[in-house]
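Novice: Provided herewith is a single structure, encoded as structure tokens, for subsequent inquiry.
The values are calculated or read from the model by the stated rules, or taken from the named source; none is laboratory data. Treat the numbers as computed from the prediction; the structure is a model and nothing was measured. As a convention, Cβ positions derive from the backbone with ideal geometry for all residues, glycine included, and neighbour counts pool all protein chains shown.
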Amino acid sequence: MLSGLVIVDKPQGWTSHDVVGRMRRLAGTRKVGHAGTLDPMATGVLVVGINKATRLLTYIVGTGKSYQATIRLGATTVTDDAEGEVTATAATGMVTDAAIAAGIAALRGPIMQVPSSVSAIKVNGERAYARVRSGEDVKLAARPVTIHGFDVAQIRRVDGFIDLDVTVECSSGTYIRALARDLGAGLNVGGHLTALRRSAVGPYTLAQASTLEELASEMRILDIADAARALMPVRELSAHEAVELSFGRRIPASAEGTHTAEAPAAAFAPDGTLVALLFDAGRHARPVLVFPADAPPASGTPGRDVAP
């Protein structure tokens, strides 16, 4: 059974759900999910899990993200990006490079960020963007995020606007549209996002990504064991420990005793098989998730040599 992660280079104009639908057809299974939505306007890394690997997605969603983006200063839109109607413009001639640098510096580190009102956050059971489209004035609560890096690669002054090519490294839950909006608001000229490309989700990068066209020709899949090794701390098991964990039983805690249910370790059998994700609880380690072994093919089926 095909199982693992596929790092997709999402095309512009597609929703993350569109990509999942296409991957279901390419992989020939309904059990497909993704780790972190990208807006239709955005391109880049979308981590897709197939079959057993969908169980890893919970631990991928919360990892840090990296982006390449273009921010336009001098115009505000209703969606905080180029897909929304422009609601206000302002002259940018007095905005200096030093002021831009100071504005960006103020948005680095731990901040309280108000998500865009057209985000997918649910308000009383309904997506915020759906409420906005129905004419409601939606106000979302600020939430803590961390901007690990926010740097300008290029500044272009064109037709009265200022376009900034930037790179952003941030915690999960950060809205790059909101960074553009807040930078523009801090400079008193307004701002919105005009381009966005996600370059990394946790340890998975564009270098590993394939387009949907490439995947239609050749499925490029990251084995679930390799995916887990890249994602989290590793614990190598003895043969006895591997058997115990495979039945959901506890084993002695790791020497460090630092793994938690929220940040578990990937436990591997001596043959390299991913057995479980486990966490330390006192003197013992308990499995938070056990991966059942694939059943061997039946006699006479493809994939097994059978004597004539």
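Novice: Of the residues that make up the range 93-107, is at least one over 17 Å from Ala227 (Cβ atoms), outside the structural domain of Lys139 (by TED's automatic domain parsing), touching a strand residue (DSSP E or B) at 6+ places or on another chain (Cβ under 6 Å) and not charged (D, E, K, R)?
Specialist: no
Novice: For Thr29, work out the one condition from (1) in a loop (DSSP other than H, G, I, E, B); (2) farther than 30 Å from Thr273 by Cβ; (3) of a type in the set (Val, Ile, Thr) it doesn't fulfil.
Specialist: Every listed condition holds for Thr29 apart from (2).
Novice: Starting from residues that are surrounded by fewer than 18 Cβ atoms within 10 Å (Cβ to Cβ) and among the hydrophobic types (A, V, I, L, M, F, W, C), keep the ones in the range 226-248 and report whichever is nearest to the chain's Cα centre (by Cα).
Specialist: Applying the filter and picking the extreme gives Ala230.
Novice: Could I ask something else about it? Would you confirm, using the coordinates I've provided, whether Leu57 is touching a residue at least 24 places away in the same chain (Cβ under 8 Å), within 14 Å of the chain's Cα centre (by Cα) and not in a loop (DSSP other than H, G, I, E, B)?
Specialist: For Leu57, the condition - touching a residue at least 24 places away in the same chain (Cβ under 8 Å), within 14 Å of the chain's Cα centre (by Cα) and not in a loop (DSSP other than H, G, I, E, B) - is met.
Novice: May I pose another question? Could you please find all residues in the range 167-221 being acidic (Asp, Glu), part of a helix (DSSP H, G or I) and surrounded by 15 or more Cβ atoms within 10 Å (Cβ to Cβ)?
Specialist: The answer is Asp182, and nothing else.
Novice: Could you check, for the range 150-172, whether at least one of its residues is outside the structural domain of Met41 (by TED's automatic domain parsing), modelled with pLDDT under 95 and in contact with a helix residue (DSSP H, G or I) (Cβ under 9 Å, 6 or more places away or on another chain)?
Specialist: yes
Novice: Further question on the same structure: Just to be sure I understand the filter: pairs with C-beta atoms under 7 Å, separated by 6 or more residues or on different chains, first member in the range 220-237 and closer than 18 Å to Glu256 by Cβ, second member part of a loop (DSSP other than H, G, I, E, B) and hydroxyl-bearing (Ser, Thr, Tyr). Which pairs pass?
Specialist: From residues that are closer than 18 Å to Glu256 by Cβ, the pairs are Arg235/Ser254.
Novice: Exactly one of these conditions fails for Leu5: (1) out of contact with any Gly (no Cβ under 8 Å at 6 or more places or on another chain); (2) on the phi < 0 side of the Ramachandran plot. Give me its number.
Specialist: (1)
Novice: What tally of residues in the range 260-284 results from selecting those that are part of a loop (DSSP other than H, G, I, E, B), closer than 17 Å to Ala242 by Cβ and free of Cβ contacts under 8 Å to residues at least 40 places away in the same chain?
Specialist: So the answer is 3.
Novice: Sticking with this structure for a sec: Identify, from the list Thr89, Thr63, Thr77, the residue that is in contact (Cβ under 8 Å) with a residue 60 or more places away in the chain and in contact with an Asp or Glu (Cβ under 8 Å, 6 or more places away or on another chain).
Specialist: From the options Thr89, Thr63, Thr77, the qualifying one is Thr77.
Novice: Whether any residue in the range 85-105 is in a loop (DSSP other than H, G, I, E, B) and at pLDDT below 90 is what I want to check.
Specialist: yes
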